[in-house]
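Engineer: Before I ask anything, here is the structure I am working with.
Every number here is computed from the coordinates shown, using simple stated rules; none is lab data. In this text the structure is predicted, and so the values were computed from the model without any measurement. Every residue, glycine among them, receives a Cβ derived from its backbone with ideal geometry; neighbour counts consider all protein chains shown.
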Amino acid sequence: MCFALDGGVWLHHHKIHDEPMAHLVSADKERLLELGRSLGLHPAWLQYKPLKDPRTGIRVPAWHWDLWGERLKHLRRLDV
């Protein structure tokens, strides 16, 4: 997560109701939008959610894409 808070993009895998899901997370909105364009993600799907930096305890502006189903499978095929 610290990587994402420093402007990188973090791929965070988890499950919702036993279904695989992932978040692409970053504090750098423009970088995330650029990646989203290359993956065919609509900018309106980008979600804002500040994250608490574990190093400081301070909330930092961050954004994420929710990926599941075919979009997640496509990302896995790219071996990201």
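Engineer: Across region 48-66, what is the total count of residues that are in a loop (DSSP other than H, G, I, E, B) and either farther than 17 Å from Phe3 by Cβ or β-branched (Val, Ile, Thr) (or both)? Before the answer, list the steps.
Structural biologist: Within region 48-66, the first condition is being in a loop (DSSP other than H, G, I, E, B), and the residues that meet it are 49-50, 53-58, 61-62.
Narrowing further to those that are either farther than 17 Å from Phe3 by Cβ or β-branched (Val, Ile, Thr) (or both): 56-58.
So the count comes out to 3.
Engineer: Go through region 9-47 and give me each residue that's part of a loop (DSSP other than H, G, I, E, B) and either touching a Gly at 6+ places or on another chain (Cβ under 6 Å) or crowded, with 18+ Cβ neighbours inside 10 Å (or both). So that I can check it myself, show each step before the final result.
Structural biologist: Taking region 9-47 first, the residues part of a loop (DSSP other than H, G, I, E, B) are 9, 17-18, 27-28, 40-42, 46.
Hits for region 9-47 are Val9, Ala27, Asp28, Leu41.
Engineer: In region 23-43, is there at least one residue being basic (Lys, Arg), in contact (Cβ under 8 Å) with a residue 24 or more places away in the chain and touching a helix residue (DSSP H, G or I) at 6+ places or on another chain (Cβ under 8 Å)? Quick ask: steps written out before the conclusion?
Structural biologist: Kept after step one, since they are basic (Lys, Arg), are these residues of region 23-43: 29, 31, 37.
Adding the requirement that they be in contact (Cβ under 8 Å) with a residue 24 or more places away in the chain leaves 29, 31.
When the remaining residues are screened for being touching a helix residue (DSSP H, G or I) at 6+ places or on another chain (Cβ under 8 Å), the result is none.
No, every residue in region 23-43 fails to be basic (Lys, Arg), in contact (Cβ under 8 Å) with a residue 24 or more places away in the chain and touching a helix residue (DSSP H, G or I) at 6+ places or on another chain (Cβ under 8 Å).
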